[in-house]
Amino acid sequence: MTTVKPILLAEDNPRDAELALAAMEEHHIADKVVVCHDGAEVLDYLYCRGAFKSRQCGNPVVVFLDLKMPKVDGIEVLRTIKSDANLKPIPVVMLTSSREERDLAQSYALGANAYVVKPVEFQQFISAVKELGIFWGVINEPPPEGN
Amino acid sequence: MESATQDRPSTSPPAVPPLPEPVQPAPGWLRLFGERAQRFTAWMSQWSIEQRVLAGFGLVFLGIIAISIMSYRNTAVVVKNSRLDTSSHELVQLLSSIEEALIAAESGHRRYLVTGDESYLKPYRALMEQMPEFSRYLEALADPSGQRERITEMERLIQKQLEIETNAIHQRSTQGADAVRHLALPGVAKRELDDVHRLIADLESAEQQATRARVLKSAGTTRNTIALLALGAVLQLVLLGSVYFLIHHDITNRRRVAAELRRQGELLQAANKELEAFSYSVSHDLRAPLRHIDGYAALLSKSAAETLNDKAKRYLETISASAKQMGQLIDDLLVFSRMGRQEMLRSTVNLNQLVKTVIHDLRLDLQGKTISWTIGSLPDVPGDPAMLRQVFMNLLTNAVKFTATRAKPRIEIGATRDTAGEVTIFVRDNGVGFDMQYVNKLFGVFQRLHRNDEFEGTGIGLANVRRIIHRHGGRTWAEGALDQGATFYLSLPVKRTSS
């Protein structure tokens with residue numbers, strides 16, 4: 001709890017990212033958020049490579065993952081995270097526009113920890129992102145670091 | 001077939017349009033025949049293809065039967081003739097044996113009369129012995145030959161001759177040679193013997209004539225039979241050919257239909273895939289801009305709260321409201337599309353429980369309004385629980401929505417079982433109702449009977465109800481009157497065994 005672990009937000013749409021950040025800002029957790037714009041960047045971040053080579057390594061407290069992203073899509077990222085022993089403990093929340101049963105089923109089958117459909121209404125979106133941020137970033141006890 | 005010219009008055013020619021140049025008029029009978037043929041084809045064209053095929057087969061079949069009967073008769077005639085030929089031949093042979101024996105007996109008899117040597121009587125005695133046998137043969141052959149009269153006469157004459165000869169022998173043995181001398185030279189019963197010869201000759205020539213006639217007739221009949229058999233063979237070939245044609249036609253048709261069905265199925269599958277991709281894309285991509293519109297409108301109204309006047313604030317609210325409405329529309333359409341495509345689960349749904357949970361969920365939206373619910377006993381029905389939940393969610397949401405303006409809203413849910421295999425469930429409210437002339441529009445997609453400022457809605461709820469109930473094999477209908485409430489019915493098929 002003492003070390004500030006980042007929240008990783010994977011969102012290809014800059015407007016969605018901005019809105020999400022705006023929502024988190026209201027609750028002063030925006031500074032903990034790292035935004036990635038596609039799946040490849042997410043994986044680079046998690047494996048501390050490419051643009052994130054120099055970052056201080058360590059898992060984020062939670063990953064908010066959009067399904068539809070360029071290069072590597074959300075499902076692929078989820079599959080990689082959940083099949084890597086080091087990354088597996090990271091809570092992954094699917095944050096997507098899709099309400100399709102197929103996506104829901106596939107995400108849970110791959111080990112997603114939650115699935116949230118982005119509400120169209122901004123107030124709802126704000127409260128959803130806020131609650132998610134607070135729950136996963138503050139309330140939820142993250143897995144122990146190490147091994 | 002009746003004659004084409006028999007009962008048609010030739011005085012009434014059909015009205016013929018004037019021709020550009022005079023032509024030789026067709027003879028009356030030809031014209032009438034043409035008319036007849038036209039009427040016959042017109043009459044035939046009223047028949048279905050099956051009836052025509054059946055009629056054709058019936059005709060050919062009757063023809064084959066007729067030919068078979070005629071051929072059988074012809075063959076029977078030929079067989080009978082050959083039997084008659086045999087007996088005729090036997091008769092002729094018998095007659096010549098009798099004649100021979102008679103001649104031998106007579107000449108021996110004459111010698112005996114002259115010489116008194118009894119050994120000359122041997123042929124005579126033999127004839128006397130053979131005579132009963134000859135008679136028996138003649139008797140047997142008399143009837144088939146049709147010459148009984150002549151044969152009887154011949155037998156009578158032979159008997160008479162033999163009697164005379166017997167008398168002469170007796171005379172010779174008792175009174176000596178002189179007593180019979182006058183008889184011996186010309187021969188006794190000469191007249192009878194001549195008559196017998198003549199009769200035999202007549203009999204023989206009659207038999208020959210009859211045989212010749214029979215041969216001619218047999219030959220004719222045989223030719224006839226061959227022709228008939230040839231015709232029968234042709235008919236059978238026609239029959240076989242038509243059967244082959246029909247079967248071939250049928251198989252070709254079936255193959256074509258099967259191929260067509262397969263092609264349609266593939267097209268349908270492709271279209272379904274496309275639709276799925278489309279609705280996925282709608283679900284994912286169309287929502288994002290709406291979210292942005294609402295989001296940025298909200299951010300704008302927040303960050304510029306002090307500088308905006310009331311008008312500008314109202315504009316921003318309208319932008320948000322429109323975005324939300326479109327979001328709702330997309331959601332409803334996606335549900336509608338999903339209800340049509342989604343695989344259906346088959347389980348038993350406890351409607352009592354289902355309605356209870358739906359009402360419980362609705363309570364949050366009631367905002368303290370009190371509604372008097374009347375819930376009858378509902379049956380268990382086979383179906384998809386999620387889909388049926390959607391049905392009751394839509395129906396009850398509607399009922400709540402359209403009774404909102406009532407001082408004492410009442411909603412009743414009940415079931416009737418009118419036939420053995422079906423239950424009918426109704427949802428009745430005392431809301432604003434509807435005009436029955438628009439009843440057909442109620443269950444259509446995007447069909448609304450109220451303005452949006454009266455009652456909110458996307459016009460998809462009832463379309464969804466109908467789609468789901470149809471997929472369950474049931475029906476939906478509604479009754480209502482303006483300002484007097486509405487009743488929505490749905491029927492669902494149930495298994496007979498459930499009580």
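Values in this text are rule-based calculations from the coordinates and carry no lab data. Not measured: the values here are computed from a predicted model. Using ideal geometry, Cβ is built from the backbone for each residue, glycine included, and neighbour counts are taken over all protein chains shown.
Against the globular-protein guess of 2.2 N^0.38 Å, express the Cα radius of gyration of the protein assembly as shown as a ratio, rounded to two decimals.
Details: Rg = 57.8 Å, N = 646, 2.2 N^0.38 = 25.7 Å.
That works out to 2.25 for the protein assembly as shown.
Annotation: peptides B:223-229, B:106-112, ranked by per-residue average of other Cβ atoms within 10 Å with the highest first, follow the order B:106-112, B:223-229. FRET efficiency for the pair B:Ile247 and B:Phe40, taken as 1/(1 + (r/R0)^6) with r the Cβ-Cβ distance and R0 = 22 Å, rounds to 0.20.
Sort the following peptides by mean Cβ neighbour count (other Cβ atoms within 10 Å, averaged over residues), highest first: B:433-439, B:88-94, B:399-405.
Working: B:433-439: 13.9, B:88-94: 16.9, B:399-405: 19.9.
Result, highest mean Cβ count within 10 Å first: B:399-405, B:88-94, B:433-439.
Shielding value for B:324-332 is 2, the average number of Cβ atoms from other chains within 10 Å of each residue's Cβ. Exposure proxy ranking for B:Trp43, B:Trp373, A:Trp136, based on other Cβ atoms within 10 angstrom of each Cβ and starting from the fewest, stands as B:Trp43, B:Trp373, A:Trp136.
Listed from fewest to most Cβ neighbours within 10 Å, the set B:Phe245, B:Phe443 follows the order B:Phe245, B:Phe443.
Given a Förster distance of 22 angstrom, what is the FRET efficiency for B:His170 paired with B:Ile103, based on the Cβ-Cβ distance and rounded to 0.05?
Numbers: r = 22 Å, r/R0 = 1.00.
About 0.50, to the nearest 0.05.
Kirkwood radius, the stretch B:28-292, all distinct C-alpha pairs, inverse of mean reciprocal distance: 27.7 Å. Measuring between their Cα centroids, the stretch B:86-103 and the stretch B:38-80 lie 51 Å from each other. All C-alpha to C-alpha distances of chain B, sorted into 20 Å bins beginning at zero, yield P(r) values of 14, 20, 14, 15, 12, 10, 9, 4, 1, 0 percent in whole numbers. Kirkwood's formula applied to the C-alpha pairs of the stretch B:74-196 gives a hydrodynamic radius of 15.8 angstrom.
Over chain B, dividing the summed -39,500 (n - 2.57) contributions of all DSSP H runs of at least 4 residues by the number of residues returns a 222 nm mean residue ellipticity of -24000 deg cm²/dmol.
First measure r as the distance between the Cβ atoms of B:Ala386 and B:Arg255, then evaluate 1/(1 + (r/R0)^6) with R0 = 41 Å and state the FRET efficiency to the nearest 0.05. Once the sixth-power term is evaluated, E becomes 0.50.
Peptides B:115-124, A:109-118, A:8-17 ranked from most to least packed give A:8-17, A:109-118, B:115-124, packing being the mean of other C-beta atoms within 10 angstrom over each peptide's residues.
The label point for B:Gln367 and the one for A:His28, both projected 7 Å from the Cα toward the Cβ, are 3.5 nm apart. The distance linking the stretch B:194-269 with the stretch B:435-458 is 74 Å (Cα centroid to Cα centroid, whole angstrom). Starting from a Cα-only point model with no solvent, please compute log10 I(q)/I(0) by Debye for the stretch A:7-139 at q = 0.17 1/Å. After summing over all Cα pairs, the log10 values are -0.86. Globularity index of the stretch B:185-281 is 3.28 (Cα radius of gyration / 2.2 N^0.38 Å, N = number of residues). Estimated at 0.36 nm per residue, the fully extended path between B:Leu275 and B:Arg212 surpasses their Cα-Cα distance by 13.4 nm.
Here the average projected area of the convex hull drawn through the C-alpha atoms of the stretch A:26-76 stands at 4.1 nm².
The mean count of C-beta atoms from other chains within 10 Å of the C-beta of residues in A:68-75, rounded to a whole number, is 1.
Distance between the modelled labels on A:Val138 and B:Asp483, one decimal in nanometres: 5.5 nm (7 Å Cα→Cβ projection). Can you tell which of B:Thr374, B:Leu364, B:Ala407 lies farthest toward the positive end of the dipole of the stretch B:345-493, using +1 and -1 charges on the Cβ of basic and acidic side chains (Lys, Arg; Asp, Glu)? Ranked along the dipole, the leading option is B:Leu364.
P(r) for the stretch B:35-79, from all Cα pairs and a bin width of 5 Å, is 5, 20, 14, 15, 13, 10, 9, 7, 5, 2 %, short bins first.
Of B:Lys324/B:Lys369; A:Lys130/B:Lys369; B:Lys273/B:Lys401, which ones are farther than 29 Å apart at the Cα? Beyond 29 Å between Cα atoms: A:Lys130/B:Lys369; B:Lys273/B:Lys401. Note on the stretch B:345-493: the C-alpha convex hull projects to 8.5 nm² when averaged across all orientations.
With neighbours defined as other Cβ atoms within 10 Å of a residue's Cβ, the residues B:Ser145, A:Ser97, B:Ser347 order from fewest to most as B:Ser347, B:Ser145, A:Ser97.
Considering every residue in B:296-304, what mean count of other chain Cβ atoms within 10 Å of its Cβ is obtained? Walk me through the intermediate numbers first.
Values: counts 5, 1, 7, 6, 0, 1, 3, 1, 0.
Going residue by residue through B:296-304 and averaging, the value is 3.
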